[in-house]
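Here's the structure, in structure tokens; my notes come after.
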2 protein chains.
Amino acid sequence: MDAEEFRKHAKMAIDYIIDYNENIRNRQVLPSVEPGYLHKLIPSTAPAAPEDWSVIIPDIERFIQPGLTHWNSPNFNGFFPAGNSYPSIFGEILSAGLGCVGFNWMLSPACTELEVIVLDWLAKLMGLPEHFLAEAPGPGGGIIQGSGSEGILVALLTAKERTVRQIKPLHPNIDEGTVKAKLVAYFSDQSNSAVEKACLLGSVRIRPIKSNPNGTLKACQLKNAIVEDRENGLIPCFVVATLGTTATCAFDDLTQIGSICEAEGVWLHVDAAYAGAAFVCPEYRYLMAGLEYADSLNMNPHKWLLVNFDCSCFWVKDRAHLLNAFTVDRDYLRDHYSEIMRQNWAPNFRNWEIPLGRRFRALKLWITLRMFGESNLRNFIRKQVSMAKRFESKIQADSRFELCAPVCLGLVCFRIVGEEFLTRELLSVVLDSRELFLNGATLHGKYFLRYAICSRDMDLSDVDKGWTIISNATEAVFSRHANKSQQVIADMTNANVNTLKAGISR
Amino acid sequence: MDAEEFRKHAKMAIDYIIDYNENIRNRQVLPSVEPGYLHKLIPSTAPAAPEDWSVIIPDIERFIQPGLTHWNSPNFNGFFPAGNSYPSIFGEILSAGLGCVGFNWMLSPACTELEVIVLDWLAKLMGLPEHFLAEAPGPGGGIIQGSGSEGILVALLTAKERTVRQIKPLHPNIDEGTVKAKLVAYFSDQSNSAVEKACLLGSVRIRPIKSNPNGTLKACQLKNAIVEDRENGLIPCFVVATLGTTATCAFDDLTQIGSICEAEGVWLHVDAAYAGAAFVCPEYRYLMAGLEYADSLNMNPHKWLLVNFDCSCFWVKDRAHLLNAFTVDRDYLRDHYSEIMRQNWAPNFRNWEIPLGRRFRALKLWITLRMFGESNLRNFIRKQVSMAKRFESKIQADSRFELCAPVCLGLVCFRIVGEEFLTRELLSVVLDSRELFLNGATLHGKYFLRYAICSRDMDLSDVDKGWTIISNATEAVFSRHANKSQQVIADMTNANVNTLKAGISR
């Protein structure tokens, strides 16, 4: 494969992705294709003979672009941000070009050590408790996992192993499988689907805890559930608290939950996948009060910290538990540095995660943190929050709508006052236009829409444009249901548009 | 972040990675740094203010390169190849620049559909059984997982769920945890560490099966173990057979193993992580005879098919079992296409894997398969095999050495005739030189060295150079042990250097 041909076309690819990103506003955020569109367009077998570089970029525009949802478009306001930035792409290019697979320290010391160092950088930027740092004297440290889902599963499996090791010596006659079958995990009904999935995959019983009206975990119910399960012969093992829930960006009270976990000897994992990024700004750190209780924590720079997927940071207070749960050895995996010689700076990360192989993902995080610097990371978060405030003010000023949760950070949850079908129809109308992407969610049976500030390039004019689309679509829904809407208007007069002011103070 | 600055420096990064790859022979394959080298060189906190683009590439050379192990160097002959190629890097650049996170079909139909189509392409290139194809009428299909380890864990968890669903209705009074505690997984002592790790993480009892002298799974022992376990009230659940073991590239007999699994109703997973790539050449397909019995299969284009990490392909015969094991739903995850409307071309891949988020990894596989074409993929595999043959002939012609396994595909296993410490010292001498990377492994207590053909750029002169390093290092070991070596020479006279001819015929 010719280097000069690659040089020419890779540089064209750079131009292409810059053009794509700089002009992304001009593309319809959602595609119009139907399921199965692509196999009608491209051959059903790989080519027998090599194809030429020059056909690839035109094919991206012909076949791939019509089927893309533009996550980095300022009109993408669903889910949470898919982080990206030029520095991060730059890091991804270098990582692909260097091509190392650093599962052991010796299989590229730089790959492992940069990850350790940059996780310390990020922990300090976020003001995390010192015991998560590699540079601290204790056994804590951080690693980049592929996704929040993997981080949560890793935490669950670690908690499971720790509990089994605690219980077994006390009951030497009980079979390990029997102990495992009694383990219980606790989390709020508002925790991310990844928590339930981790328990499903890890074969741990679940006990979802009802959330408070504001979407936070009810600590007293957690306490009662743990006590009750113990009385019934079960073994409480794992609690997940969320900082910034997916549906409404609610923050569980770590001080309450953490003290329960500590008293009960239960592993506390904190999922801050989205909201963790905000802690680079000191003014949001009150939201993580109690984090010192956490045994493990995940946050995703690939959500809201300008790093492209995948880059999910995971910290653990005591790596020994992780190593107990994940270490499998073979002759061919060993090198000649003992665990003691490695100290905190040179772990074998294969024993901290599910996969064996691993990319040099620390590069893109390192480069992103350097090229933004603390100051611009803070500016970025603050600007995004200000845009959510702008959208919130639009909702508050329009009596057709109500907020469904306190607005915290970059997410606004709202609905049309009145019956649920109106809000569902609003979403359909908006999505059918393909011009704006929102998604729906539920809290305590109440259906609402999520407007999340996602694109790094969003500005206030994009908020205003989105608001206009939503406002017009609402008009369309109302005119479809002219009779019904008269009733809605009557309802609105009585509506309390601020029913959910309780919750997080700001 | 300025697009023009990125354009300029990203193009410099392209030049940098081309220069790196084209001149990789000039770099010492193994680094000379000691654990902890990097934190002495770079700051312990992120910068407060943004840094400039122009400092990044010099820092790569100053801080990162000294700590890299050059997986793509022609002098890297340990483990298995870390696949890479310019077309694959090109795909990675586009994927990072487009930045979609396609966990649902609607969150970039192209991301999902291209993956389905390209997995069909690859299945056809490899001559896989038709029931793994999406285009076939059945419920089979493929997905890209992040690693072979994840694929094996996904298969195990799927088998576990299938077995529990089979058993529960027959024994409605037995608790699910009790059923799970009785499940057993079987695999050869030569299977990859990832198999044992999957069972550790998936909490399934393991029963490793002794391998034959040639490193393949003893099918009669598998049968006996299953029968014995059933008699003892356990529940056989999962068998892993390996095509191309890590230590010696041995091939388990799928026809024998598969018929046992079929008769016993046990899930058969086939791990062809490395060797699967060889099946693009029809002349190697005899090695996968019996693959029609497999319920699932993984092979890694990021090993030996020129795609950079991560790209691990996974096929399943019946996706329904996968969906049963992995599906967790939430309002915010749904779109308006039912499972039936999706048919085979538009799955929601979040329900086929551990993570929720996913990169557009199909792009690099698509582009790599197109730009090489079937013909050059075959040429590549054949050229690599011919280099292993060259190294094999060097070993066979030198009475100081013996082969430790039949040479199949791109791996040669050898040792110094005589006591084990000689071979261990040889490895130390070679690694201390930093000029060549090999690794050690064990089969039935016999320690040997693995010489794997890895770099896409290797040619016969690299084999000859590696051989010279090994030969000289052996001389150095012998001269250290002058007295002992006289005994070795006497031994050699009687040695049968071909003790392991039994096994795979070629």
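Quick notes on this one:
- Number of positions in the range A:387-399 that are without any contact (Cβ under 8 Å) to a residue 24 or more places away in the chain and closer than 17 Å to residue A:74 by Cβ: 1
- Any hit, the range A:222-235, residues being crowded, with 23+ Cβ neighbours inside 10 Å and closer than 30 Å to residue A:380 by Cβ: no
- Among the residues of the range A:24-46, those identified as charged (D, E, K, R) and touching a residue at least 40 places away in the same chain (Cβ under 8 Å) are A:25, A:27.
- Some residue of the range A:3-14 being more than 7 Å from chain B (Cβ to nearest Cβ), under 26 Å from residue A:432 (Cβ atoms) and among the basic types (Lys, Arg): no
- For the range B:215-251, residues that are small (Gly, Ala, Ser) and more than 23 Å from the chain's Cα centre (by Cα) total 3.
- Residue in the range A:416-430 that is without any contact (Cβ under 8 Å) to a residue 12 or more places away in the chain and under 30 Å from residue A:281 (Cα atoms) present: no
- Only residues that are out of contact with any strand residue (DSSP E or B) (no Cβ under 6 Å at 6 or more places or on another chain) and either part of a helix (DSSP H, G or I) or at pLDDT 95 or above (or both) were counted in the range B:161-176, giving 10.
- Filter result for residue B:368 (of a type in the set (Ser, Thr, Tyr) and outside the structural domain of residue B:474 (by TED's automatic domain parsing)): yes
- Matching residues, the range A:253-283, being open to solvent by 40 Å² or more (accessible area, probe 1.4 Å) and either among the basic types (Lys, Arg) or more than 21 Å from residue A:209 (Cα to Cα) (or both): A:282, A:283
- Answer residue from the range B:284-296, given it is in contact with a His (Cβ under 8 Å, 6 or more places away or on another chain) and buried (at least 21 other Cβ atoms within 10 Å of the Cβ) and is farthest from residue B:382 (Cα to Cα) among those: B:295
- Note on the range A:108-120: among residues that are in contact with a strand residue (DSSP E or B) (Cβ under 8 Å, 6 or more places away or on another chain) and of a type in the set (D, E, K, R), the one that is nearest to the other protein chains (Cβ to nearest Cβ) is A:120.
- Residues of the range A:121-135 satisfying the condition of being open to solvent by less than 10 Å² (accessible area, probe 1.4 Å), more than 7 Å from chain B (Cβ to nearest Cβ) and in a helix (DSSP H, G or I): A:122, A:123, A:126, A:132
- Scanning the range A:17-32 for residues that are surrounded by fewer than 19 Cβ atoms within 10 Å (Cβ to Cβ) and either more than 20 Å from residue A:94 (Cβ to Cβ) or more than 7 Å from every other protein chain (Cβ to nearest Cβ) (or both) yields a count of 8.
- Residue check, residue B:92 outside any helix (DSSP H, G or I) and either surrounded by fewer than 24 Cβ atoms within 10 Å (Cβ to Cβ) or facing chain A (nearest Cβ under 8 Å) (or both): no
- Hey, residue A:436 assigned by TED's automatic domain parsing to the domain that holds residue A:451 and open to solvent by less than 10 Å² (accessible area, probe 1.4 Å) or not: yes
- Criterion applied to B:248, B:255 was being within 14 Å of another protein chain (Cβ to nearest Cβ) and not hydrophobic (A, V, I, L, M, F, W, C), and the one residue passing it is B:248.
- Residues (touching a helix residue (DSSP H, G or I) at 6+ places or on another chain (Cβ under 7 Å) and either outside any loop (DSSP other than H, G, I, E, B) or open to solvent by 10 Å² or more (accessible area, probe 1.4 Å) (or both)) located in the range A:137-153: A:138, A:139, A:141, A:142, A:143, A:144, A:145, A:148, A:149, A:152, A:153
- Exactly one residue out of B:40, B:11 is of a type in the set (Lys, Arg), touching a helix residue (DSSP H, G or I) at 6+ places or on another chain (Cβ under 7 Å) and more than 15 Å from residue A:91 (Cβ to Cβ), and it is B:11.
- Residue match in the range A:41-48 (condition: within 18 Å of residue B:113 (Cβ to Cβ), more than 7 Å from chain B (Cβ to nearest Cβ) and open to solvent by less than 50 Å² (accessible area, probe 1.4 Å)): no
- The range A:106-115, subset assigned to a helix (DSSP H, G or I) and buried (at least 24 other Cβ atoms within 10 Å of the Cβ), residue nearest to the chain's Cα centre (by Cα): A:115
- The listed residue being part of a helix (DSSP H, G or I) and open to solvent by 10 Å² or more (accessible area, probe 1.4 Å), out of B:58, B:35: B:58
- The residues listed here are B:372, B:391; of these, the one that is surrounded by 23 or more Cβ atoms within 10 Å (Cβ to Cβ), more than 14 Å from chain A (Cβ to nearest Cβ) and at pLDDT 95 or above is B:391.
- The residue pairs whose first member lies in the range B:436-449 and is more than 10 Å from chain A (Cβ to nearest Cβ) and of a type in the set (Lys, Arg), whose second member is assigned to a loop (DSSP other than H, G, I, E, B) and buried (at least 21 other Cβ atoms within 10 Å of the Cβ), and whose beta carbons are closer than 8 Å, counting only pairs six or more residues apart or on different chains, are B:446/B:404.
- Residue within the range B:70-87 that is facing chain A (nearest Cβ under 7 Å), out of contact with any Gly (no Cβ under 8 Å at 6 or more places or on another chain) and part of a helix (DSSP H, G or I) present: yes
- Checking every residue in the range A:457-468 against the condition of being surrounded by 15 or more Cβ atoms within 10 Å (Cβ to Cβ) and among the hydroxyl-bearing types (Ser, Thr, Tyr) gives zero matches.
The values are calculated or read from the model by the stated rules, or taken from the named source; none is laboratory data. Bear in mind the structure is a predicted one, so any value in this text is a computation, not a measurement. Note: ideal-geometry Cβ built from the backbone for every residue, glycine included; neighbour counts use all protein chains shown. Please note that ligands, DNA and RNA were not included when accessible areas were found on the heavy atoms of the full protein model with its side chains. Shrake-Rupley method; radii C 1.70, N 1.55, O 1.52, S 1.80 Å.
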